[in-house]
Amino acid sequence: MESIIKISGGIGNQLFQYAFALFLKNHLHFNVKLNRTSYRQKFEHEGFLLDQILKLEVDLINRDFQQFHWDKFIWKTTRFSENQQHHPLSFLKEPIQSFPRRSRLLLEGYWQCYLFPFLAKHDLRSIDLPAVQVEEFQSKTFIHIRGGDYFNNPIYSEFYDIIAEEYYEKSIAEVLEKEPNREFVLFTDDLDYARRRLGAHMSRVSVDQTQGSLEVLAKMRACSGAIMANSSFSWWGAFLQKNKGVQIAPKKWNSKMEEESAFIYPPYVIRY
C-alpha cells in the first residue's frame, strides 16, 4: 500500500511524523514516502531538518498535493487527538488493514504518540545532533517554557496556552523533594514570559539562550531530567536522554483533550 505522509512543523513534529512513517513501513509493510513541500511553499520554523540528523529509511518527495492521485482516506491530527481513550494502534491498524492493498493513502497529522518511536524498529535516540559539553548539563534538569506563538498568537494561545499556573512550581518541588541540590537549566523562546511563569524559582535556574533547535535539542538530551512544556520539542528532548532522571509533563496536551494525554507520554513520565 502506498502512503504519503505530509511533513510539517518543527523538528519535534518532524520526528513524530518520521516515527509514524517507520511504523507503517516496518510493521505494516507499506511503501512510505515523506512529502516536504510545506517547507518549499513557506518558511516553517527552521525548515526541514530530519535529513541533517538521520539517514532516512524512506524516500523524500517534493510535490504539491494537488498533483497526487490518492484514494479518499486523509487522516487529520484532530481526529487522532480526540480519540485518545482508544488505543492508538487499534485506531490505526484495524481501519488501515481494511483498505484494499492497492489503496493510496495521503496522511496528514503530527502523530504524537510515544508508541511509534518505540515501534519504529529504529533507534531514534541515536540521532546525530550537534556536539555539546555534556558535563555541563548531565547533572541538570531542563525546564522548557514555550511562550512566543503559544502565548502571543490568539489562535495558538486558545489551543496551547493551557498549562496550569502551579505546574512549574509543583514540578520543581517534585524534583527537589527527590534531589534537594538539583540544578535546573531553562530553555525558552520567550524569556519575559518564562520569568512570569517561574516567579521566585527563577533565582535557582540558569538560562541557556541557544537559539538553534538542533543544538538546544542536543543540550536537552545531555541533561538528566526534564520539566516539559506541552510541546513536541521538549517531548523529544526528554525522550532522547540517556539518563532520564525525573521527567514531568503537563496533563493536557491541548485544550481539546479533556482526559490526560495517555498515549502521548511514556508511562514513566509524571504528569501534573
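Listed by first and then second residue, the pairs with beta-carbon distance under 6 Å, at least 6 apart or on different chains, first residue in the stretch 184-212 and farther than 18 Å from Ile172 by Cα, second surrounded by fewer than 14 Cβ atoms within 10 Å (Cβ to Cβ) and not acidic (Asp, Glu), are Asp189/Gly148; Asp190/Gly148. Taking every residue in the stretch 118-134 that is crowded, with 16+ Cβ neighbours inside 10 Å and pairing it with any residue that is outside any helix (DSSP H, G or I), at least 6 positions away or on another chain, the pairs with Cβ-Cβ distances below 6 Å are Ile127/Leu54. Of all residues in the stretch 145-188, those being buried (at least 16 other Cβ atoms within 10 Å of the Cβ), at pLDDT 90 or above and in contact with a strand residue (DSSP E or B) (Cβ under 9 Å, 6 or more places away or on another chain) number 12.
Among residues of the stretch 39-61 being modelled with pLDDT under 85 and not hydrophobic (A, V, I, L, M, F, W, C), the one that is nearest to the chain's Cα centre (by Cα) is His45.
Tally time: how many residues in the stretch 189-212 are of a type in the set (Gly, Ala, Ser) and either in contact with a strand residue (DSSP E or B) (Cβ under 8 Å, 6 or more places away or on another chain) or part of a loop (DSSP other than H, G, I, E, B) (or both)? Residues flagged as of a type in the set (Gly, Ala, Ser) and either in contact with a strand residue (DSSP E or B) (Cβ under 8 Å, 6 or more places away or on another chain) or part of a loop (DSSP other than H, G, I, E, B) (or both) within the stretch 189-212 amount to 3. Of the residues making up the stretch 165-181, those that are assigned to a loop (DSSP other than H, G, I, E, B) and within 14 Å of Leu198 (Cβ to Cβ) are Glu165, Glu166.
Select from the stretch 116-144 the residues that are hydrophobic (A, V, I, L, M, F, W, C) and in a loop (DSSP other than H, G, I, E, B) and list them in ascending order. Step through it out loud before you land on a result.
Restricting attention to the stretch 116-144, the residues satisfying the condition of being hydrophobic (A, V, I, L, M, F, W, C) are 116, 118-120, 124, 127, 129, 131-132, 134, 137, 142-143.
Listed by number, the residues that qualify are Ala120, Ile127, Leu129, Ala131, Val132.
Taking the stated definitions as given, is Ile11 modelled with pLDDT of 65 or more, touching a strand residue (DSSP E or B) at 6+ places or on another chain (Cβ under 6 Å) and not assigned by TED's automatic domain parsing to the domain that holds Ser231? Steps first, please.
Details: modelled with pLDDT of 65 or more: yes; touching a strand residue (DSSP E or B) at 6+ places or on another chain (Cβ under 6 Å): no; not assigned by TED's automatic domain parsing to the domain that holds Ser231: yes.
For Ile11, the condition - modelled with pLDDT of 65 or more, touching a strand residue (DSSP E or B) at 6+ places or on another chain (Cβ under 6 Å) and not assigned by TED's automatic domain parsing to the domain that holds Ser231 - is not met.
In the stretch 233-260, how many are modelled with pLDDT of 95 or more and not in a strand (DSSP E or B)? Going through the stretch 233-260 one residue at a time, the tally reaches 10. Looking at (1) modelled with pLDDT of 90 or more; (2) touching a helix residue (DSSP H, G or I) at 6+ places or on another chain (Cβ under 7 Å), which is the only condition Phe263 fails? For Phe263, the failing item is (1).
The values are calculated or read from the model by the stated rules, or taken from the named source; none is laboratory data. It should be emphasised that the depicted structure is a prediction, and the values quoted were computed from it without experimental measurement. Every residue, glycine as well, gets a Cβ built from its backbone with ideal geometry; the counts of neighbours run over all protein chains shown.
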